[in-house]
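Student: Submitted below is the structure of interest, expressed as structure tokens.
The values are calculated or read from the model by the stated rules, or taken from the named source; none is laboratory data. Being a predicted model, the structure only gives us computed values, none of them experimental. We place every Cβ from the backbone using ideal geometry, glycine too, and count neighbours over all the protein chains shown. Side chains included, ligands, DNA and RNA excluded: accessible areas come from the protein's heavy atoms. Shrake-Rupley method; radii C 1.70, N 1.55, O 1.52, S 1.80 Å.
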Amino acid sequence: MPEPALAEQECEACTTEDDPLEPEEYADYRAEIRDDVWTVVDDHHLEGTYTFADFRDALEFTDEVGELAEAEWHHPAIELEWGEVMIELWTHKLDGLHKTDFVMAARMDRIYDDYEPDEGA
């Protein structure tokens, strides 16, 4: 049976025994998050920029991401501007990337589906 989509998987806590993921280990996870939003920086963290039609949508999205982060106890750095939300995400305990970072990014992508501006608008 195939594994469920990344956004549907559990956020698993890491331990001090875990090592940060190497590029070949996170390649499949990377393929399941939006490449027009997310970039892996220095094999250390994810940076994402979501765009919005206005400030209110960006603010509401930020609130939903905050609720997700609190529920999963996995908190990103979030910067909110008019029409943009920038996110940095990594596992602090490992000082690098863990599968949970990609699960969270995939869930944020799903939240964004309700806000993404129409291309023709």
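Student: Among Asp36, Asp19, Asp57, which is assigned to a loop (DSSP other than H, G, I, E, B), out of contact with any strand residue (DSSP E or B) (no Cβ under 7 Å at 6 or more places or on another chain) and modelled with pLDDT of 95 or more?
Tutor: Asp36
Student: Anything in the stretch 71-115 that is touching a helix residue (DSSP H, G or I) at 6+ places or on another chain (Cβ under 8 Å), of a type outside the set (D, E, K, R), within 19 Å of Ala7 (Cα to Cα) and open to solvent by 40 Å² or more (accessible area, probe 1.4 Å)? List them, or say none.
Tutor: Passing the criteria: His75, Trp90.
Student: Take Thr62 and decide whether it is surrounded by 15 or more Cβ atoms within 10 Å (Cβ to Cβ), more than 17 Å from Val103 (Cβ to Cβ), modelled with pLDDT of 95 or more and out of contact with any Phe, Trp or Tyr (no Cβ under 9 Å at 6 or more places or on another chain).
Tutor: Criteria met by Thr62.
Student: Taking the conditions exactly as written (out of contact with any strand residue (DSSP E or B) (no Cβ under 6 Å at 6 or more places or on another chain), at pLDDT 90 or above, open to solvent by 50 Å² or more (accessible area, probe 1.4 Å) and in a loop (DSSP other than H, G, I, E, B)), does Asp43 satisfy them or not?
Tutor: The answer is yes for Asp43.
Student: Criterion first (in a loop (DSSP other than H, G, I, E, B), more than 18 Å from Leu94 (Cα to Cα) and open to solvent by 50 Å² or more (accessible area, probe 1.4 Å)) does Glu12 satisfy it?
Tutor: So Glu12 fails the test.
Student: Evaluate the stretch 67-80: report whether one residue or more is touching a residue at least 60 places away in the same chain (Cβ under 8 Å), closer than 17 Å to Glu12 by Cβ and among the aliphatic types (A, V, I, L, M).
Tutor: No: the stretch 67-80 contains no residue that is touching a residue at least 60 places away in the same chain (Cβ under 8 Å), closer than 17 Å to Glu12 by Cβ and among the aliphatic types (A, V, I, L, M).
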